[in-house]
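Asks: What follows is a single structure, and I will ask about it in a moment.
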Amino acid sequence: MYTKKLEDFDLTAIEKAIELLKLYKTDRDFSSLKNDVRLCLEKKHNKVYLQDRDYCLATRFDGYMVDWLICPRCGYENFAPDFIVDAPRECCKKFYDKKREKYKS
Ligand SMILES: [Zn+2]
C-alpha cells in the first residue's frame, strides 16, 4: 500500500526521502519522471519512491536515482538496470521494450 501523506513516514522513511531528493534533477538522476512528481511511501517494506502522474516510480540504487519497474501483467518488479537481466517472463520483456521506447521520446 502506498501513501503520499508525510505524517505516515517514520524517521527512517524521512531519512530515505531526504537521500532520494538529494539526487533528484542532479547528474545522478537517471529516472524518467515527468509531471506532478511527488514523494510516496510503500508502507509494507518502508520503501520511499518518487512518483509522477503516469505512475512512473523512481528510487535510489547504488547512489543513483533509477526507475523502479513493475510489469503490469505479472507484477514482477525490479530496478530498471536489473529488470531485463532478471526478467522471468515474455510479458516483462515486452513491457521493458515499451518502456524503452518511451525513454527515447
Ligand atoms: Zn511480466
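Asks: For region 43-64, name all the residues that are buried (at least 16 other Cβ atoms within 10 Å of the Cβ) and of a type in the set (Gly, Ala, Ser).
Replies: Ala58
Asks: When region 80-95 is examined, which residues are found to be within 20 Å of Leu33 (Cα to Cα) and surrounded by fewer than 18 Cβ atoms within 10 Å (Cβ to Cβ)?
Replies: Pro81, Asp82, Ile84, listed by residue number.
Asks: Now for a separate question. Can you name every residue in region 58-90 that is of a type in the set (A, V, I, L, M, F, W, C) and within 11 Å of the ligand (Cβ to nearest atom)?
Replies: Within region 58-90, Leu69, Ile70, Cys71, Cys74, Phe83, Ala87 qualify.
Asks: Say whether the condition of being in a helix (DSSP H, G or I), under 27 Å from Glu19 (Cβ atoms) and at pLDDT below 90 is met by at least one residue in region 70-82.
Replies: yes
Asks: Can you give me the number of residues within region 1-16 that are part of a loop (DSSP other than H, G, I, E, B) and either more than 16 Å from Gln51 (Cα to Cα) or touching a strand residue (DSSP E or B) at 6+ places or on another chain (Cβ under 8 Å) (or both)?
Replies: Final tally of qualifying residues: 4.
Asks: Which pairs turn up if I take residues in region 22-34 that are under 14 Å from Phe79 (Cα atoms) and look for partners that are among the basic types (Lys, Arg) and part of a strand (DSSP E or B) with beta carbon separation below 7 Å, at least 6 apart in sequence or on another chain?
Replies: Matching pairs, first to second residue: none at all.
Asks: Name the residue, out of Lys44, Lys34, that is part of a loop (DSSP other than H, G, I, E, B), within 19 Å of Glu15 (Cβ to Cβ) and not hydrophobic (A, V, I, L, M, F, W, C).
Replies: Lys44
Asks: Scanning for something out of contact with any Ser or Thr (no Cβ under 7 Å at 6 or more places or on another chain) and on the phi > 0 side of the Ramachandran plot, does region 35-58 turn up at least one residue?
Replies: Within region 35-58, one or more residues are out of contact with any Ser or Thr (no Cβ under 7 Å at 6 or more places or on another chain) and on the phi > 0 side of the Ramachandran plot.
The values are calculated or read from the model by the stated rules, or taken from the named source; none is laboratory data. Because the structure is predicted, anything quoted here is derived from the model rather than measured. Backbone-built Cβ (ideal geometry, glycine too); neighbour counts: all protein chains shown.
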